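Shown next, in structure tokens, is the structure this report addresses.
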Amino acid sequence: MAQEERMDDFIPVKSRKKRKNRGPKANTPLPELLDRVGSEFGSDVYLNIEAHIRRMMAPLEAPCTSAVCLGLGSPTDSRNSRAQLWLLLEICKSLNIPRHSIKLYDPAFSEQDIADLSDLGLSIVSENLHGKYIAITPTFFYLPHCGLAIYENLIRSNWQAGLVRHLRLLANEFLNYVESIPGSVMQAKYPCLHRLTQHLTSHTLQVPESYASAFNTTAIQYWDDSHPVPEQDDSEFWSLPPSQIEDGNEWG
């Protein structure tokens, strides 16, 4: 069975190996750079996003107490990544998710990224789980510009009635994939994403023009109570073909 991580089984990284050919640390500390993002973003823009986040969380039987961030990129090197990180931290603060309960993984992280993110109190996942996280409890998944394979692996890992509604997502808008990729391809390779999308409520983020590329097509997405979850014995919905995604290719 492919390895999956239960959200209550996480162990933070305690040691880090040095990498060669790492560039020098930026002169400006990351917290200061994040403050700049906040001042450029503006409170009105953020409050609109926060309102949609709270609507997404309202139907849950229990609050989100943890978050997973995949595909952030390098906040050391990328202005877009810093903008995405700033928004992640602000959303989690508004949801009362403590920083040590925010878990991050990206193969693009440099040693400097890992050090800076750890200094912020965040938990770095040391192992590539290929997006296979199980949301035993409601979990906020922050997945800026991940590939289809990561999205499919995450949804497949939670493909049962008791889990799929625990997924609270900020990710590329799934409907764009469904509308732009032939249905036969989606049904064969990404059946979970293809079936889930029709049940999702989605709100595209509205951000300042200066950060448009950081959040292009990004949307808040969740299974709303207005769409009843099919019963587990509904085989037409829940039965799946074997996965066509090979571990190791999902970040390409």
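FYI, it's all coordinate maths here, none of it is from the lab. All of these numbers come straight from a predicted model, not from anything done at the bench. With ideal geometry, Cβ positions are generated from the backbone for all residues, glycine too; neighbour counts draw on all protein chains shown.
Some observations on this one:
- Debye log10 I(q)/I(0) for region 120-196, one point scatterer per Cα, at q = 0.11, 0.12 Å⁻¹: -0.29, -0.35
- Of the complete DSSP H runs in the chain, none spans 15 angstrom or more by Cα along the long axis with a mean Kyte-Doolittle score not below 1.6.
- Point-charge dipole on Cβ atoms (K/R +1, D/E -1) for the chain, about Cα centre, debye to 20: 880 debye
- For the chain, the spread of Cα coordinates along the three principal axes comes to 56, 41, 35 Å, biggest extent given first.
- Comparing mean-square fluctuations of 191, 29, 208 from a GNM of the chain with C-alpha springs under 10 Å, the top value falls on 29.
- Extension gain for residue 32-residue 212 works out to 62.7 nm (0.36 nm per residue, less the C-alpha to C-alpha distance).
- Were the residues from residue 115 through residue 79 laid out at 0.36 nm apart, the gain over their Cα-Cα distance would be 11.2 nm.
- For region 74-97 and region 198-252, distance of Cα centres in Å: 20 Å
- Normalised by the number of residues in the chain, the average gap of Cα pairs under 8 Å and 6 or more apart makes the relative contact order 22 percent.
- A crude spin-label estimate for the pair residue 61 and residue 44, with each label 7 Å from Cα along the Cβ direction, gives 4.1 nm.
- Gyration tensor verdict on region 118-252 (Cα atoms; rounded if a/c is under 1.5, prolate if a/b is larger than b/c, oblate otherwise): rounded
- Lys pairs, the chain - Cα-Cα below 17 angstrom, 8 or more residues apart or on other chains: 5
- Backbone N within region 146-188 under 19 Å of label point (7 Å from residue 247 Cα along the Cβ vector): 147-159
- Rounded to the nearest 20 debye, the dipole magnitude of region 55-122 is 300 debye, with +1 charges on Lys and Arg beta carbons, -1 on Asp and Glu beta carbons, and the Cα centre as origin.
- Antiparallel content of DSSP bridges confined to region 31-238, in %, to 5: 40 percent
- Gaussian network model of the chain, Cα within-10 Å springs - most flexible of 40, 209, 236: 236
- From helices alone, the chain scores -10000 deg cm²/dmol at 222 nm; the rule is -39500 (n - 2.57) for each run of n ≥ 4 DSSP H residues, then divide by the residue total.
- Selection from 188, 204, 141 lying farthest towards where the dipole of the chain points positive, charges on Cβ: 141
- Residues listed by number, region 151-173, amide nitrogen under 19 Å from residue 233 label point at 7 Å toward C-beta: 160-163
- The chain: most fluctuating residue of 55, 79, 156 per GNM, C-alpha cutoff 10 Å: 55
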